[in-house]
1. Given an 8 Å cut-off on Cα distances and at least 6 residues of separation, report the relative contact order of region 3-356 as a percent.
2. If I model a spin label at LYS137 and SER172 as a point 7 Å from the Cα along the Cα→Cβ vector, what separation in nanometres do I get?
3. Provide the per-residue ³J(HN,Hα) series for region 119-130, in order, calculated from phi with Karplus coefficients 6.51, -1.76, 1.60 and θ = phi - 60°, each as a whole number of Hz, with x at glycine and proline positions.
4. Across region 3-356, how many lysine pairs, 8 or more positions apart or on different chains, have C-alpha atoms separated by under 16 Å? Please give the number.
5. Roughly what % of Cα-Cα distances in region 237-363 sit above 19 Å, to the whole percent?
6. Calculate the radius of gyration of the Cα atoms of region 3-356 to one decimal place, then report Dmax, the largest Cα-Cα distance, as a whole number, both in Å.
7. Could you check which residue among ILE205, ILE166, ILE29 shows the biggest mean-square fluctuation in a GNM of the chain with a 10 Å Cα cutoff?
8. Could you state the principal axis extents of the C-alpha atoms in region 19-167, from the largest down, to the nearest angstrom?
Amino acid sequence: MKRITCLAILCAFIAVFCLMAVETEASTIAQNSAWNVTRTGATQTLRFVAYGDSIYAGYISATKICRRAGPHNAAEYAAAKWGQNVEVRRRCQSGAVAKGVYDRIVKDKSYMQTSNTRLVTFEMCGNDYLQARSSFKGQTGTCNYSVLTNALSNCRYYTEQAIKYINANAHSNTQAKIVGNLYYPGYNADNVLTNCKDPNTGQPINCREKFLPLLVESNWETCNLAHQYGWVCADNFAEYMAADYDSNGDGVVDTETIRYVPGESKSSYTNRIMNAHAAGLLKDSRTTKMISPSASVNYLLSDDTHPTYLGATAGTLFTTPGGNVTVYHSTSGAYPGGKNPSWNLNGHDRMGWRVSIPVPNNP
């Protein structure tokens, strides 16, 4: 039986104010964890390093994380494919904007510089947009869109800087580098009018109709940068925001309709996503993630922001080891069809499966 051994969960700093569930406050919480996915008969222990904000941290609340966050699910797939132990190093900053995640990557570069490093991944920008959305929704009078465009500009800049920095500093044994793009938390909740008025029309606008094109452009920028620099883009937007079957009878599964195609133009990608939105193919991932015509699951917690999960939890402020956790769906070899039985039943399992796809066959 494979097991995940908790080596340590250390809090690098304790914020004076607790992090709000929607993470729109300035305070952040460092969550650094070290877990091993172990396998009987393994002869090597290989490393998977994950940098990010609360998503990769497995944030549940200001005092709790889930153990099987996306990177750990991906490590289970890697261990099953390789037949080797995989140590997972999460170096995350819950509540951090893109610059904060980039700063953590620079500060914690040593974790990706060990010779046993095989996979490096990061995700960022979610808090840039959550904070921009909160600020924008609080506006009255004439709408000022600069807070939104600034978030996009910062996201692109620090995503590229992070990719370039990891390319320059990760150990040469690293075999796969993966960046995750963003799903849309609050897709249904944002279907409301603004309190401010558009400077051209003098009328309120629909928040979702303003936010969605911005997020689509951001996701294209992230995936295009990945393609440009030899990385893989884990398309979380596609996995979370559309059905896993062909809902409109056009012969294409909905998730594939909105999936980024490496090398495609911004206009091509944007048109596909916005056409899917207009056709009703995009769905709220908290309430209506359809995995079949008759079954839906929740991919987001009740905070309408963070992914759902399977398995045990841990405290974000642990200073001692948390013990052992049995790996769900253990197998003696690679998962049949490349998916464990819960791959599509919760947000973190789905994310982990998508992140695991670039794992090479040999370590």
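Every number in this text was worked out from the coordinates using simple rules, so none of it is lab data. Just so we're clear, the structure is a prediction, and the values are computed from it rather than from any experiment. Every residue, glycine as well, gets a Cβ built from its backbone with ideal geometry; the counts of neighbours run over all protein chains shown.
1. It comes to 23 percent, rounded to a whole number.
2. 5.0 nm
3. 9, 10, 9, 8, 9, 7, 5, x, 6, 4, 7, 4
4. Pairs that pass both the separation and distance tests number 11.
5. 59 percent
6. 19.7, 69
7. In this elastic network of the chain, the residue with the biggest mean-square fluctuation among ILE205, ILE166, ILE29 is ILE205.
8. 66, 32, 23
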